[in-house]
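Colleague: Starting off with a structure, shown below.
The values are calculated or read from the model by the stated rules, or taken from the named source; none is laboratory data. Not measured: the values here are computed from a predicted model. Glycine gets a Cβ as well: all are built from the backbone with ideal geometry, and neighbour counts include every protein chain shown. To get the accessible areas, we keep the full protein, side chains included, count just its heavy atoms, and leave off ligands, DNA and RNA. Shrake-Rupley method; radii C 1.70, N 1.55, O 1.52, S 1.80 Å.
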Amino acid sequence: MCGIVGYVGRGNALEPVLSGLKNLEYRGYDSAGVAFCSNDMFHSVKQVGRVDALEAELAGLRQTKPNLAIGHTRWATHGAPTKLNAHPHFNGAKTIFVVHNGIIENHNEIRQMLQANGYNFISHTDTEVVPHLIDYFYAKFNDMDKAFETAIRELKGAYAIVMTTKYEPNKIYAAKLSSPLVIGIGADNNMVGSDASAVADAANKIVYLEDYEIAIVERKSYAIKNIQKKQPVTRQPEDIILEDI
Ligand code: GLU
């Protein structure tokens, strides 16, 4: 079990992401990490232990005020609870950053295919195959929406996956199968998270994603697609009920 949170909007995205991560610490506290872009540079900052340790590691970067960030608290299933194994995981060029809750059951097969195609791995997690697989399909299609969906279709197991990428810096990509994932809708921002507590600080409405759904979330809009039925999904947002948190 891990916790996921992401924010795209005005203002410093690191603040709602860090507070969302604190609300999610019950889901895991082996390590915590964030990825964000500031001044055209992507950063992935991680630390072993709780969100407090991540905040210390972030130091001055916290004030760079990115408009989009994703974050993760880990409960390790594959690979020791080290800084190297902490999420977000990324591709070799550090242009695709992924956080994941769940287990990719076919990670060995995917890793072997990618290694045969020249990809190098630096962690011991199942998750690291995901950013490399997206990179592999992006190199083929030169279209990130298509690369993300194609990579997600290859995964077996359980996942809530959230991605930020240099190729589409205003979008958060999300996918769900057998792990919880929600979209939080705010006044001038949108969020993703493992549950309502992850998004409640900066969102007032919530959409619960269902299995086989992927979502592309931007500041003012979001789009959901069912990748089994190959159809767009329309679902009415619900009020966030504080008693549930
Ligand atoms: N399997 C991933 C890891 O070990 C995610 C763990 C989880 O969701 O608990 O890093």
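Colleague: For region 57-210, with all protein chains present and a 1.4 Å probe, just round the carbon and sulfur fraction of the accessible area to a whole percent.
Modeller: Carbon with sulfur: 49 percent of the solvent-accessible area.
Colleague: Between rounded, prolate and oblate, where does region 136-192 land on the alpha carbon gyration tensor, with a ≥ b ≥ c its root eigenvalues, rounded for a/c under 1.5, else prolate if a/b exceeds b/c?
Modeller: Verdict is oblate for region 136-192.
Colleague: Test of understanding: what is the full-extension gain from I103 to I122, defined as 0.36 nm times their sequence separation minus their Cα-Cα distance?
Modeller: That works out to 5.0 nm of additional length.
Colleague: Specify the inter-centroid distance of region 28-55 and region 164-233, based on alpha-carbon positions, in whole Å.
Modeller: 20
Colleague: Would region 1-88 count as rounded, prolate or oblate if I go by the C-alpha gyration tensor, calling it rounded below 1.5 in a/c and otherwise prolate when a/b exceeds b/c, oblate otherwise?
Modeller: prolate
Colleague: Can you flag which of K146/K230; K171/K225; K94/K176; K83/K156 are past 18 Å Cα-Cα?
Modeller: Pairs exceeding the cut-off: K94/K176; K83/K156.
Colleague: Still on this structure, I have one more. If each of E25 and Q236 carries a label point 7 Å out from its Cα toward its Cβ, how far apart are those two points in nm?
Modeller: Taking the two extended label points, one gets 3.8 nm.
Colleague: Given a 1.4 Å probe, how much area per residue of region 146-189 is accessible, in Å²?
Modeller: Result: 32 Å² of accessible area for each residue.
Colleague: Hey, any idea what the orientation-averaged projected area of the convex hull of the chain's Cα atoms comes to, in nm²?
Modeller: Taking the Cα atoms of the chain, their convex hull projects to 11.7 nm² on average.
Colleague: So which aspartates and glutamates pass the test for K22, namely a Cα distance under 15 Å, with those fewer than 8 places away in the same chain ruled out?
Modeller: Result set, ordered by chain and number: D30, D52, E55, D195, D201.
Colleague: Quick one: with all protein chains in place, what share of the accessible area of region 1-46 is carbon or sulfur, to the nearest percent (1.4 Å probe)?
Modeller: With neighbouring chains kept in place, the figure for region 1-46 is 48 percent.
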